[in-house]
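K.L.:
Here's a structure for you.
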Amino acid sequence: MKLNRRNFLTTVGLGLLGASLPAIGAARKAAPKPPNILFIAVDDLRPQLGCFGHAETRSPNIDKLASRGTLFQRAYCNVPVCGPSRVSVLTGIRTNANQWESKNLKTDYATLPAFFKKHGYHAISNGKVFHVMNDSKEDWSELPWRPVEIYYGKKDWANYNAYGLWQDDESSGKTNPRSKRGPYCEAADVPDNAYQDGKVADKTIADLQRMKTLNEPFFLACGFWRPHLPFNAPKKYWDMYKRDEIKMAENRFRPENLPDPCRTSREIDGYGLTGPRKESDEFHKEARHAYYACVSYVDAQIGKVIQSLEDLGLAENTIIVLWGDHGWNLGEHNFWGKHNTLNNALHAPLVVCAPGTRKNNRTNRLVEFVDIYPTLCELAGLPVPRHAQGKSFVPLMNDPKQTWKPAVFSKWSGCQAVKTDRYLYTEWKKGNKVSHRMLFDHNVDPLENVNIAENPDAKETVEKLSRLLQGGWKSIK
Ligand SMILES: [Ca+2]
């Protein structure tokens, strides 16, 4: 914490120098003007990062960011798919798996940009923030910007090479003959801004320079597409890894007793270079290499944006939030992608840095993405609107070990899941009747290799978790 006169006096007055932490709303109180917000979304980023203990992945910039603030080691998305997950973050409302656009929510609400705009902020959207570019476009101060105006739903955005997603000419020979999409990965020897995410970083840096001269605080959102498929990244990021040294998932088998409706995503099959080879060692190593290259590529773009924030002297009065919109199965169980309620699909990275809060802070407490909305309100010293369904986790940014939410909730097509400190439990229903159950004990089976829901010893636990699921988030608030 950087001491200015005001918080220095508070700190000394409390007699807790070193361990002391400012009160709620500190970001606004400690600062001469309202804090800015840099809101970084990363598509399909699971916690495959150095700061999460994955030393094999090179993510120096996100790791550094985590050291400046709080790393939420157990953050859960509310829906394991892009659009609905983003709607839940940006509205603070728990969404269903079919809620791809915030404008379709039949609730009286304000999105995060609309809320901050109303409170005097200049709100900008660069890259993939809402899933659909023009979703709630009037909520921003400027029209949402993307390097390529992909309109989902009108024509297939991954059709080779409708939007210039592939930069290597060789990719034209590796398309999927059925879908006409390009290959699932590519390593073109091109500069960062040949691909979209480099352009998003450039635009965001230009905006920061512009914001520096504005009198209003800013809410600047930048959304990076990688490591979403296709795993396309400049060759130099692939070169950071040696294919032979990449470890494959150790559980390349379907979990025991897994309910039939829990399946792998088929998304990757829509691209070229997939098919039956997906189960081979060669593919497992190649796909992980490609994913890691994309993580390092995006990490470098994030590094550039944060460096610019520092160079412009804006970092000290800016709240930075970084989140991946959901998790990803990267070959575990021979599953590829999101679209289920396994831990790998629900667990996502979350880092928040705010002026006047603790640095190098890590918490194991359970938080969920609907909590981001009220947290940002509180950090900015603004009232939390009544529609917000999450709980501000600002207290964890000061005291990471305090007692917290006992459970977080996620939804997917046909099922609902609840994660507690120890368990992850999912229920599928037909009408009012439970058709399938899935229970993993993370204390003894963190890799989720055995579903124990039908185990007689687990009967009491299943009943308890089923009641918790029925009561839902309101029952624990
Ligand atoms: Ca996504």
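The values are calculated or read from the model by the stated rules, or taken from the named source; none is laboratory data. Since we're looking at a predicted model, the values are computed, not measured. Cβ sites come from the backbone with ideal geometry, for glycine too, and all protein chains shown count toward neighbours.
K.L.:
Sort out which residues of segment 20-51 are away from the ligand (no atom under 16 Å from the Cβ), modelled with pLDDT of 95 or more and β-branched (Val, Ile, Thr), and write them in order of number.
P.N.:
Passing the criteria: only 37.
K.L.:
When segment 329-338 is examined, which residues are found to be within 12 Å of the ligand (Cβ to nearest atom) and touching a Pro at 6+ places or on another chain (Cβ under 7 Å)?
P.N.:
338
K.L.:
Looking at segment 438-460, which of the residues that are out of contact with any Pro (no Cβ under 7 Å at 6 or more places or on another chain) and assigned to a strand (DSSP E or B) is surrounded by the fewest Cβ atoms within 10 Å (Cβ to Cβ)?
P.N.:
The residue in question is 441.
K.L.:
Same structure again: Test residue 433 against the criterion of being farther than 19 Å from residue 256 by Cβ and surrounded by 15 or more Cβ atoms within 10 Å (Cβ to Cβ), and give yes or no.
P.N.:
Considered against the rule, which asks whether it is farther than 19 Å from residue 256 by Cβ and surrounded by 15 or more Cβ atoms within 10 Å (Cβ to Cβ), residue 433 comes out as no.
K.L.:
From the list 219, 231, 253, which residue is within 16 Å of the ligand (Cβ to nearest atom), hydrophobic (A, V, I, L, M, F, W, C) and either assigned by TED's automatic domain parsing to the domain that holds residue 339 or closer than 30 Å to residue 341 by Cβ (or both)?
P.N.:
None of the others qualify; the one that does is 231.
So that you can scan it fast, the table gives a plain yes or no per residue for (1) under 25 Å from residue 282 (Cβ atoms); (2) part of a loop (DSSP other than H, G, I, E, B); (3) at pLDDT 95 or above:
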residue: 209; (1), (2), (3): no, no, yes
residue: 215; (1), (2), (3): no, yes, no
residue: 222; (1), (2), (3): no, no, yes
residue: 226; (1), (2), (3): yes, yes, yes
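K.L.:
How do the pairs read when you match residues in segment 250-269 that are under 18 Å from residue 284 (Cα atoms) and of a type in the set (Phe, Trp, Tyr) with residues anywhere that are at pLDDT 95 or above and outside any loop (DSSP other than H, G, I, E, B), using Cβ under 8 Å and keeping only pairs 6 or more apart or on different chains?
P.N.:
Here the result reads 253/333; 253/334, each pair linking segment 250-269 to a residue that is at pLDDT 95 or above and outside any loop (DSSP other than H, G, I, E, B).
K.L.:
Inside segment 52-166, counting only helices (runs of 4 or more DSSP H) that do not spill past its ends, which hold 3 or more residues that are closer than 27 Å to residue 421 by Cβ, away from the ligand (no atom under 16 Å from the Cβ) and touching a residue at least 12 places away in the same chain (Cβ under 8 Å)?
P.N.:
60-68
K.L.:
If you check residue 241 against the conditions, is it in a helix (DSSP H, G or I), more than 30 Å from residue 33 (Cα to Cα) and in the same structural domain as residue 167 (by TED's automatic domain parsing)?
P.N.:
No.
K.L.:
To continue, here is another question. For segment 252-285, how many residues meet the condition of being of a type in the set (S, T, N, Q) and within 24 Å of the chain's Cα centre (by Cα)?
P.N.:
Count: 2.
Every residue, every condition in (1) within 16 Å of the ligand (Cβ to nearest atom); (2) on the phi > 0 side of the Ramachandran plot; (3) assigned to a strand (DSSP E or B); (4) not aliphatic (A, V, I, L, M), yes or no:
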{"position": "327", "(1), (2), (3), (4)": "yes, no, no, yes"}
{"position": "340", "(1), (2), (3), (4)": "yes, no, no, yes"}
{"position": "356", "(1), (2), (3), (4)": "no, yes, no, yes"}
{"position": "375", "(1), (2), (3), (4)": "no, no, no, yes"}
{"position": "378", "(1), (2), (3), (4)": "no, no, no, yes"}
{"position": "381", "(1), (2), (3), (4)": "no, yes, no, yes"}
{"position": "384", "(1), (2), (3), (4)": "no, no, no, no"}
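K.L.:
Here's a check for you: in segment 303-325, which residue that is aliphatic (A, V, I, L, M) and outside any strand (DSSP E or B) is nearest to the ligand (Cβ to nearest atom)?
P.N.:
By that ranking, first place goes to 305.
K.L.:
Of everything in segment 126-140, what is of a type in the set (S, T, N, Q) and buried (at least 21 other Cβ atoms within 10 Å of the Cβ)? Give them in sequence order.
P.N.:
126, 136 - these are the residues of segment 126-140 that are of a type in the set (S, T, N, Q) and buried (at least 21 other Cβ atoms within 10 Å of the Cβ).
K.L.:
Can you name the condition, by its number, that residue 422 falls short on among (1) touching a residue at least 40 places away in the same chain (Cβ under 8 Å); (2) of a type in the set (Lys, Arg); (3) closer than 16 Å to residue 342 by Cα?
P.N.:
Just one mismatch for residue 422, condition (1).
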